[in-house]
Amino acid sequence: MKSSTQVFKIGTGNLEEVIKTAAQFIKKGGTVAFPTETVYGLGADALNPDAVRKVFKAKGRPLDNPLIVHIADQEQLGMVAMEVPDSAHVLMDAFWPGPLTLIFKRKDIVPDVITCGLDTVAVRMPDNPIALGLIKEAGTPIAAPSANISGRPSPTTAEHVIADLSGRIDVVIDGGAVRVGVESTVVDMTPEIPVLLRPGRVSIDEIREYVGKVLVGYTDRQAGAGEAVRSPGLKYTHYSPETRLVLVSGNSSAVVDKISELAREYRDRNIRVGLLVTDETAGTEEMAEYLLADGVFLLGSRYDAYEIASNLFAGLRYLDLEDVDVIIADGSIGIDGIGAAVMNRLKKAADELIEVN
Ligand code: TXA
Ligand code: MG
């Protein structure tokens, strides 16, 4: 275990210097947390199995959940991916650099520890100057899962990374809050028809515009024990605060009614309530008396899923630190565009799902 973690904050004029220093750690087989446009990643030299093992260890990540390889140019794609179909080139032209991860047949150079023995590798080119600069300066593709303790909400600020991983990794590059807030969309390009394995910032409709048919290969619930899954990550608990989370989803007025009813019931039983709610829900008359709940976090407008995505993980972490016994989450969010990713993360985080209409 590392005893101390160095934090480098990006300020005016120090970007190059910070990237140079951090890249030295990557080259020497160390671990560096860095911002991407989606969430913070915990990076190591993708071609160095010992370095990659440190990432699994620091996160407490199960050894059968493979990592995404982050690249800065097409040459690095050629290093790790075997067959890149035309449809993938179309998607890369449209969305790279950006929040889209593509799965290809792997080359032998990719260590088994990254792919967990699969014959495929997940690759993405992040849309963030710090991430791209770090990969270029290190001169190697960087394997990076989200920089959280396994199972916890992904980090959207350097403070979240430090809260989870301080003392367990070499470096954190603090580049401020990320832009997107939920992880990249993952698409398996190895079958004839591409398969969406994780919803993200790039929506299934956007992908279909470029490549036609796309199959859906994920569910919003946890896969059961022993159930076969295409993407190993699907079977683990995710995004969960330690506090019990009850998600209420359905049409907005029914959701507001149910949340206020639950809040009253809990309060009558002296159970301390945290509320993770949209601005519209918070603004209703029914909710007025509960806004003095023991903890309240406003997610943003239910009509702006991008805003909600950027606040979601910070909200889960905030309420987890408040002195509450239960978190009631507002699921009155449409599943268009990035909304599908927001509802997917909320459902995976939930201990209990109440659907109302
Ligand atoms: O936005 C993101 O993708 C962030 C930033 C840091 O880039 N990274 C991220 O990594 O979310 P992670 O490790 O938390 O999620 C990677 C997902 C997991 O669900 C994993 O199972 C899946 O990608 N995955 C990785 N390699 C795969 C493969 N060869 N086949 C199928 N799924 C794979
Ligand atoms: Mg993760």
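The values are calculated or read from the model by the stated rules, or taken from the named source; none is laboratory data. None of the values given here were measured: they were computed from a predicted structure. Don't worry about glycine lacking a Cβ; one is built from the backbone with ideal geometry, like all the others, and counts go over all protein chains shown. For the accessible areas, the whole protein counts, side chains as well, though only heavy atoms, and no ligand, DNA or RNA atoms are used. Shrake-Rupley method; radii C 1.70, N 1.55, O 1.52, S 1.80 Å.
See the values below:
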item	result
Cβ crowding within 10 Å averaged over residues, with 65-78, 254-267 ranked highest first	65-78, 254-267
Overall dimensions of the chain as given by Cα atoms, namely Rg and Dmax in Å	20.4, 62
0 to 90° range, to nearest 10: angle between helix 252-268 axis and the chain longest Cα axis	70
Difference of contour (0.36 nm per residue) and Cα-Cα distance, Gln74 to Glu289	71.8 nm
Relative contact order for region 6-216, counting Cα pairs under 8 Å that sit 6 or more residues apart, in percent	30
Listed pairs Lys59/Lys348; Lys105/Lys347; Lys9/Lys136; Lys27/Lys57; Lys258/Lys347 exceeding 21 Å between Cα atoms	Lys105/Lys347
Accessible solvent surface per residue of region 244-356, calculated while the other protein chains remain in place, 1.4 angstrom probe, Å²	41
Helical contribution to [θ] at 222 nm, DSSP H n ≥ 4, -39,500 (n - 2.57), averaged over the chain, rounded to 500	-10000 deg cm²/dmol
Given charges at Cβ of Lys, Arg, Asp, Glu: the chain dipole, positive-most of Ser249, Leu165, Ala88	Leu165
Global geometry of region 1-151, whether rounded, prolate or oblate, following the gyration tensor of its Cα atoms and the 1.5 cut on a/c	oblate
Using θ = phi - 60° and Karplus 6.51 cos²θ - 1.76 cosθ + 1.60, couplings along region 64-70 (whole Hz; Gly, Pro as x)	9, 10, x, 9, 8, 8, 9
Rel. contact order, % - alpha carbon contacts under 8 angstrom, at least six apart, the chain	19
Per residue value of the accessible surface for region 115-161 (all protein chains in place, 1.4 Å probe), Å²	27
Listed peptides 5-17, 157-169 by packing density, highest first (mean Cβ within 10 Å)	157-169, 5-17
Acute angle (nearest 10 degrees) that the helix 129-138 long axis makes with the longest principal axis of the chain, alpha-carbon atoms	30
DSSP beta bridge pairing in the chain, given as percent antiparallel to the nearest 5	35
Ordering of 208-217, 275-284 by packing [mean C-beta count within 10 Å, highest first]	275-284, 208-217
Between 0 and 90°, nearest 10: helix 339-349 axis offset from the chain longest Cα axis	80
Local net charge near Ile271, Cβ-Cβ under 13 Å (Lys/Arg +1, Asp/Glu -1)	0
Contact order normalised by residue count of region 52-133, Cα under 8 Å, 6+ apart, percent	40
Leu321, Leu299, ranked by accessible area, largest first (probe 1.4 Å)	Leu321, Leu299
Carbon + sulfur, % of accessible area of region 244-356 - ligands and nucleic acids excluded, 1.4 Å	46
Between region 10-30 and region 319-354, the alpha-carbon center distance in angstrom	36
